[in-house]
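What follows is a set of notes on a single structure, which appears directly below.
The values are calculated or read from the model by the stated rules, or taken from the named source; none is laboratory data. Just so you know, these numbers come straight off a predicted model, no measurement behind them. No Cβ is skipped: glycine too gets one built from the backbone with ideal geometry, and neighbour counts run over all protein chains shown. Areas reflect the complete protein model, heavy atoms only, side chains present, ligands, DNA and RNA absent. Shrake-Rupley method; radii C 1.70, N 1.55, O 1.52, S 1.80 Å.
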Protein chains: 2
Amino acid sequence: MRPLCLTLSGVIFLGGGSEARDNIPAGHTGAYVGKLLVVPMDGSHWVGMKAISQEMGRRGHRVTVVMPEITILIGPGEHYETLIYPLPFDKAFVDFIMSKNEDVLGKATQPFLERIQEKFSQIKRITELLHTTAESLLFNASLISHLRFDAVLTDPMVPTGSLIARKLGIPTVNLLRGIPCFLDMQSTGCPSPPSYVPRFFTGLTDKMDFKQRVINTLVSALEPLLCRLIYWRFDQIAKEFLEEDVGVAEVLSDSAIWLHRIDFTMEFPRPFMPNMVPVGGINCNVRNPLPEDLEPWVSGKQGFVVFTLGTSMKKMPDEITQVFLEAFRQIPQKVIWRYSEVAPDNTPENVKMMSWVPQNDLLAHPGARAFITHAGSHGLFEGLCHAVPMVMVPIGGDQPDNAARMASRGVGVVLDISSITAEDLLQGLNEVINDTRYKENMKRLSALHRDRPIDPLDLSVYWTEFVMRHKGAKHLKAAVHDLNWFQYFCLDVIALLATIVLVFIVLTAKCLKFCCRKLSRKRKQD
Amino acid sequence: MRPLCLTLSGVIFLGGGSEARDNIPAGHTGAYVGKLLVVPMDGSHWVGMKAISQEMGRRGHRVTVVMPEITILIGPGEHYETLIYPLPFDKAFVDFIMSKNEDVLGKATQPFLERIQEKFSQIKRITELLHTTAESLLFNASLISHLRFDAVLTDPMVPTGSLIARKLGIPTVNLLRGIPCFLDMQSTGCPSPPSYVPRFFTGLTDKMDFKQRVINTLVSALEPLLCRLIYWRFDQIAKEFLEEDVGVAEVLSDSAIWLHRIDFTMEFPRPFMPNMVPVGGINCNVRNPLPEDLEPWVSGKQGFVVFTLGTSMKKMPDEITQVFLEAFRQIPQKVIWRYSEVAPDNTPENVKMMSWVPQNDLLAHPGARAFITHAGSHGLFEGLCHAVPMVMVPIGGDQPDNAARMASRGVGVVLDISSITAEDLLQGLNEVINDTRYKENMKRLSALHRDRPIDPLDLSVYWTEFVMRHKGAKHLKAAVHDLNWFQYFCLDVIALLATIVLVFIVLTAKCLKFCCRKLSRKRKQD
């Protein structure tokens, strides 16, 4: 096994974590200074987590981000240190899995069953990668034994951080968009009536007709099974790592605070628990000036379109790329496109392809006319924050649901990327750019989104510090965890009351019968 | 009918409201300046409402408090104007009703049924007073026709303000502790599982045994009926005033924002809706220096006890007063007692009786050792804010529930005031003053209570301004109001699914029967 590495602002220390950390100054300002362990999830999930880690470090806390040696997005930052652990596979293996995302997209002509099979194979590959990564951290005994912290900040979608927190006996702060099988709602004891709370992957809104409610109710009934399927391996890992008979659901219900990356301008209003804090749009104010080479691209009179497809989709299949180029050739706007490969030869002059784009800074520019996005939550919040209407081409995960939410607000259109044509795209772009209703709706929604008593990043940092200061937030946790499901729904009480009513009815009936018999006997005697 | 009066900072203008208001300067600072109508409820309910009205006015909004000519607590303030409407009864009538509160308390020796009858008579008197007051405002056509505002701030317990808002077509901000029959929860569509959300008047906590859950479930099942009983007269007033077939529940469900005067250090954690904002402890920072004549009373080495029984209980029956005096005689602390009548002759030297006490300022003093309170929510929040352990003697309303909540936190003891003895009181006082666990628990709870991302008064003002800026807060309102109760619980969906399962079972059984018959016939043939 390779040695344990600890990096701070690029400097690598070899050896155990704690000795190295002791060389770091305790922090600049802030009344309370604590030690925070960050166990992030890679990919776009890192974006919000990084913002909080940076801000916590900037406020003087000692922040340590624990990360695998191979990552997609996670990396060092100015205000936190990193603790790197080795993996049993190499970068080529990760790249191979990521490249398969493109394959899933490019098989529109394939038979349905084959496409489904391809999707499942890819999900299997990714979950295996997640499990192996988690095990590499959890069963790295020398690393785990060195951890001394006040709290853990983590993404509960992959419960590695929550397991470490339970092992160390310290409280957890979760940052998440939501867990597909509603495990977050189960673990917080938050009611989610299927009559108006649409489930993941259904693409439904909060206004459902009867048929849609049937679908939503069925999906909600299948959630416990879905959770079992998604987390069965982690349930085993939990038992092995914690050496106790406990599953992921129970471990997650320990969590002190749940920072939900949602906002009710995008999410449909629904019940919340006191330890759930909506912090959607965390990155809105995390801004930098635009690089100079982008200036001519954004200063044109007709404005420009921003086009990105998220971190897990580095390039698209060629046939889809050509559809986009064909449409872009016919619009007067310039296009800035995040595209990792070499630009195709027939790229029109108004299109600039870049392997990385400063998305939030571009959307904040007054020239941004439209945002073509895969509808990942971070991108949507950035578009919402800067009031840019959207053409949404969801690919997977929560993206179709996110897109449905934004479309229901009249701030964008949704297109199916696997069967997209240049005409569809052109029509979509024309609609959101030239039909002023989209921009007006977006400005209204954006004003509501930005009008909040406290900035979501500050709020996230506040609650993280709160948990560190008070060693948890038990007073915000509902007593629902002391109840089993039939107690929760008062089924035992209902059974008792029903029995009493039944006994009463039976006794009354018997009494009446008895009286009637007496009466009729008496009449006969008369 | 007497002329309509409008007063601003004590100056009385006779005549219509709007002309007079136009003489008032528009306001000092603040990016957005609007016009807010405040329709308060009298008594202790006014305390928080006044704080918001003052702060809104201070921020430059034009705030108009509409109040009856006879009030208990409502009065003019520095930063808002008042609009006074006449009543068909006089002050003596109100004083008579208020004096009856004392009678209810002093009849501990009376037979149970008589005491209940006395209580119901008093409730009837108070509700009649509330109805007549509401009608005097609502059917004062010349006043109502003059109202031009951006929003209404009101206490929905008496829905006068909500009715006016609906008539004027403007949004409502509610400030409330909670409505006894959970009408607030019904109108926001907020789930309140009876398995861990204790009901009003039960004195239960969030941890209930089976018997307690039976009681709580029964009370929750009776809530709709209770609401009907409490609001039947207002339902009629609503129909008459709005000239449409609408009840109070529906009118309240229009409300944009619900500012709940609760905090989860006192209230048990429970589900909340996005348009419900907990703002308990609104008055904690509204402070003034202590009057000079109180200085010798608070500076003693042994500290002092604060004793108040709220606005609706000006004095106590003599026999109970003597019990308190007897106990106070035996403690080394000084006592500052809010007592409206002349002090009895045998008042000991360490007791100072005053017709009004600066309660929050006294509790904030480091010498405060204990707080004897009727457990009204305002008092409890002030005690909690300044970490003063409590002896609670609840009288009525939400007080027994509030007391149960605080006692369950180990920060005070509860005594029955109608059967109290000097020994009980002495023991209670000794316990909370000398058993350090009470003070320690209180300090911990107080630290949690005061550690909030934004001050509750600022938060209340923020959401009031939000509603004025955006003409409501529709994006925070759950789609639950579009559903009837069987749709909400998906009973139609469950019925369909149950039918399908039933048909499937019946068909399978028939098939099996058919097959069996065939098989047995074949066997017979063989």
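When you scan region B:345-357, do you find a residue that is of a type in the set (Phe, Trp, Tyr), outside the structural domain of B:Arg115 (by TED's automatic domain parsing) and not in a loop (DSSP other than H, G, I, E, B), even just one? Break it down stepwise before answering.
Initially, region B:345-357 is screened for residues of a type in the set (Phe, Trp, Tyr), giving B:356.
Adding the requirement that they be outside the structural domain of B:Arg115 (by TED's automatic domain parsing) leaves B:356.
Right, trim to not in a loop (DSSP other than H, G, I, E, B) and you get none.
The answer is no, given that none of the residues of region B:345-357 is of a type in the set (Phe, Trp, Tyr), outside the structural domain of B:Arg115 (by TED's automatic domain parsing) and not in a loop (DSSP other than H, G, I, E, B).
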query: From the set of residues in region B:295-332 that are within 12 Å of B:Lys352 (Cβ to Cβ) and touching a strand residue (DSSP E or B) at 6+ places or on another chain (Cβ under 7 Å), which is surrounded by the fewest Cβ atoms within 10 Å (Cβ to Cβ)?
result: B:Gly300
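So, restricting to helices (runs of 4 or more DSSP H) that lie completely within region B:1-117, which ones have at least 2 residues that are modelled with pLDDT of 85 or more and more than 30 Å from B:Asp318 (Cβ to Cβ)?
Details: elements: B:17-21, B:45-58, B:91-105.
Output list reads B:45-58.
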Any pair with Cβ under 6 angstrom, 6 or more apart, that starts in region A:317-346 at a residue that is closer than 18 Å to A:Ala368 by Cβ and touching a residue at least 12 places away in the same chain (Cβ under 8 Å) and ends at one that is in a strand (DSSP E or B) and not hydrophobic (A, V, I, L, M, F, W, C): A:Gln333/A:Arg369; A:Ile336/A:Lys352; A:Arg338/A:Thr308
message: Being within 19 Å of A:Gly280 (Cβ to Cβ) and surrounded by 23 or more Cβ atoms within 10 Å (Cβ to Cβ) is true for just one of A:Gly376, A:Gly397. Which residue is that?
response: A:Gly376
- line: With the first residue restricted to region B:429-456 and required to be under 21 Å from B:Val279 (Cβ atoms), and the second required to be open to solvent by 30 Å² or more (accessible area, probe 1.4 Å) and β-branched (Val, Ile, Thr), Cβ contacts under 6 Å at 6 or more apart or on different chains are B:Pro453/A:Ile454; B:Ile454/A:Ile454
- request: Please indicate, with yes or no, whether at least one residue in region A:457-477 is over 26 Å from A:Arg287 (Cα atoms), among the β-branched types (Val, Ile, Thr) and modelled with pLDDT under 95.
  value: no
- prompt: Among the residues of region B:63-85, is there at least one that is open to solvent by less than 70 Å² (accessible area, probe 1.4 Å), in the same structural domain as B:Leu175 (by TED's automatic domain parsing), farther than 22 Å from B:His146 by Cα and of a type in the set (Phe, Trp, Tyr)?
  reply: no
query: Restricting to region A:411-423, what's the tally of residues that are buried (at least 16 other Cβ atoms within 10 Å of the Cβ) and either outside any helix (DSSP H, G or I) or free of Cβ contacts under 8 Å to residues at least 24 places away in the same chain (or both)?
result: 6
message: Of everything in region A:159-182, what is closer than 14 Å to A:Ala238 by Cβ and surrounded by fewer than 20 Cβ atoms within 10 Å (Cβ to Cβ)? Give them in sequence order.
response: A:Lys167
query: Within region A:55-68, can one find any residue that is under 22 Å from the mean Cα position of the chain (by Cα), in contact (Cβ under 8 Å) with a residue 60 or more places away in the chain and closer than 18 Å to A:His378 by Cβ?
result: yes
- prompt: Counting just the residues of region A:189-208 that are touching a Pro at 6+ places or on another chain (Cβ under 8 Å) and closer than 11 Å to A:Arg405 by Cα, which one comes out nearest to the other protein chains (Cβ to nearest Cβ)?
  reply: A:Asp206
message: Of everything in region B:242-293, what is within 14 Å of another protein chain (Cβ to nearest Cβ) and of a type in the set (A, V, I, L, M)? Give them in sequence order.
response: B:Ala256, B:Ile257, B:Leu259, B:Ile262, B:Met266, B:Met273, B:Met276, B:Val277, B:Val279
query: So which residues in region B:69-93 are closer than 21 Å to B:Ala165 by Cα, touching a residue at least 60 places away in the same chain (Cβ under 8 Å) and out of contact with any Gly (no Cβ under 6 Å at 6 or more places or on another chain), if there are any at all?
result: B:Glu81, B:Thr82, B:Ile84, B:Tyr85, B:Pro86
message: Please go through region B:396-417 and give me each residue that is among the acidic types (Asp, Glu) and either touching a Gly at 6+ places or on another chain (Cβ under 8 Å) or assigned by TED's automatic domain parsing to the domain that holds B:Ile179 (or both), ordered by number.
response: B:Asp398, B:Asp401
